[in-house]
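Q: This structure is in structure tokens; I'll ask about it shortly.
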Amino acid sequence: MAPDARLFLVEARSNSFSDLLAAERVAGNLVASAGGGEVSNSWGSNEFSGETSFDSNFTTAGVVYFASSGDQPGVEYPAASPNVVAAGGTTTARNPFTANFLSERAWDLAGSGLSAFEARPVYQDVIQSIVGSRRGVPDLSFDSNPVTGAWVFDSTPVQGAGSGWFIVGGTSLASPALAGIVNAAGNRLGSSHAELNLIYNNLAITTDFNDISSGFCGPTAGFSAKLGWDLCTGIGSVKTKIGK
């Protein structure tokens, strides 16, 4: 997604919350010391009381943070943090013979909804009528359905499977894909808030984003994609690098 990017892989000691956040701080410092850029996160947990006290881990100067919204109905942390770009999921359809894009709708399993603990950030004031006083998730989306996701090539056998081409999905794909697009666009912004202000300032510019207006998501599929920002796909999906 960003062939000219300098890449850092940071692995936590374990999947404990303290180790994950320690790795987060290392990643942020590495990117900042390299001149700034993006940190992508493909991990998350159910929201919890006191999560707001950890939001500062996503505020390193010069870094834009992305986090997967999750692959089950509901809201996860850190996607709920106001200091990250919450990456949601869609399902795409393509011509089976030409691979030409046909349509896009919400992915029913993508994490989405209103945070139980995070207040509405200023950049979401433009959608106050939808989210009320809570932080709405996601902000931006990318194809995450494992059936329609991205083909990747791995030269090393993975988890008992052979090497070669295979398809990946989930919002764990959406977060690095969107971070890569933002990186490739080259319009460096100094923080997640700056990036999110740009996203929401472009809310009405449909030439920059695909406005997803069909499909359902959320607990018992209680949310639906609609024209404009919605709780399934946020502002929608990107049209290459135009929105940057």
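Q: Give, in nm to one decimal, the length gained when the segment between Ala204 and Gln72 is fully stretched (0.36 nm per residue of separation minus the Cα-Cα distance).
A: Gain on stretching Ala204 to Gln72: 44.7 nm.
Q: Moving on to the next point. Which order do the peptides 111-119, 180-188 take when ranked by the mean count of other beta-carbon atoms within 10 Å per residue, highest first?
A: Most protected by this proxy first, the peptides run 111-119, 180-188.
Q: Quick one: what does P(r) look like for the range 63-140 with 5 Å bins over all Cα pairs, in whole %?
A: 3, 17, 22, 20, 16, 9, 7, 4, 2, 0
Q: Out of Thr60, Ser49, Thr91, whose Cα points farthest toward the positive end of the dipole of the range 17-238 (charges: +1 Lys, Arg; -1 Asp, Glu; placed on Cβ)?
A: The Cα lying farthest towards the positive end belongs to Thr91.
Q: Hey, rough spin-label estimate for Ala150 and Ala34, points 7 angstrom out along Cα→Cβ, what's it come to in nanometres?
A: Distance between label points: 1.5 nm.
Q: Assuming R0 = 41 Å, what is the FRET efficiency of Ala119 and Phe97, from their Cβ-Cβ distance, to the nearest 0.05?
A: For Ala119 and Phe97, the calculated efficiency is 0.25.
Q: For the chain, what is the calculated [θ] at 222 nm in deg cm²/dmol (nearest 500), taking -39500 (n - 2.57) for each run of four or more DSSP H residues and dividing by its residue count?
A: After summing the helix terms and dividing by the residues of the chain, the value is -6000 deg cm²/dmol.
Q: Please work out, to two decimal places, the log10 of the ratio I(q)/I(0) at q = 0.16, 0.17, 0.31 Å⁻¹ from a Debye calculation in which every Cα of the range 72-114 carries one identical scatterer.
A: Log-scaled intensity ratios, in q order: -0.54, -0.58, -1.05.
Q: Using alpha carbons only, how many angstrom separate the centre of the range 65-86 from the centre of the range 129-166?
A: Rounded to whole Å, the Cα centres lie 13 Å apart.
Q: So, one more: Taking amide H positions as placed 1.01 Å from N in the peptide plane, with prolines and chain starts having none, which residues 5 or more places from Asp143, or on another chain, fall under 5 Å of its amide H?
A: The list, which skips near neighbours in sequence, is Thr90.
Q: Show me, for the range 55-62, the HN-Hα J-couplings you get by feeding each phi into the Karplus relation (A = 6.51, B = -1.76, C = 1.60, θ = phi - 60°), rounded to Hz, glycine and proline as x.
A: Ordered by residue, 3J(HN,Hα) equals 4, 5, 5, 10, 10, 4, 4, x Hz.
Q: Follow-up. For the chain, what is Rg from Cα atoms divided by 2.2 N^0.38 Å, rounded to two decimals?
A: 0.96
Q: Another question, then. Determine the dipole magnitude for the chain: charges of +1 sit on the beta-carbon of Lys and Arg, -1 on that of Asp and Glu, nothing else is charged, the reference point is the Cα centre, and the result goes in debye to the nearest 20.
A: 360 debye
Q: ³J(HN,Hα) across the range 185-198 via Karplus (A = 6.51, B = -1.76, C = 1.60, θ = phi - 60°), whole Hz, x for Gly/Pro?
A: For the range 185-198, the Karplus-derived couplings read 5, x, 8, 5, 10, x, 6, 4, 5, 5, 5, 5, 4, 5 Hz, x marking Gly and Pro.
Q: Springs between alpha-carbon atoms under 10 Å, Gaussian network over the chain: tell me which of Ile212, Ile130, Ile199 tops the mean-square fluctuations.
A: Result: Ile130 has the largest fluctuation of those listed.
A short reminder: the numbers here are calculations on the coordinates, not readings from a lab. Remember, it's a predicted structure, so these values are computed and weren't measured experimentally. Virtual Cβ from ideal backbone geometry, glycine too; neighbours counted across all protein chains shown.
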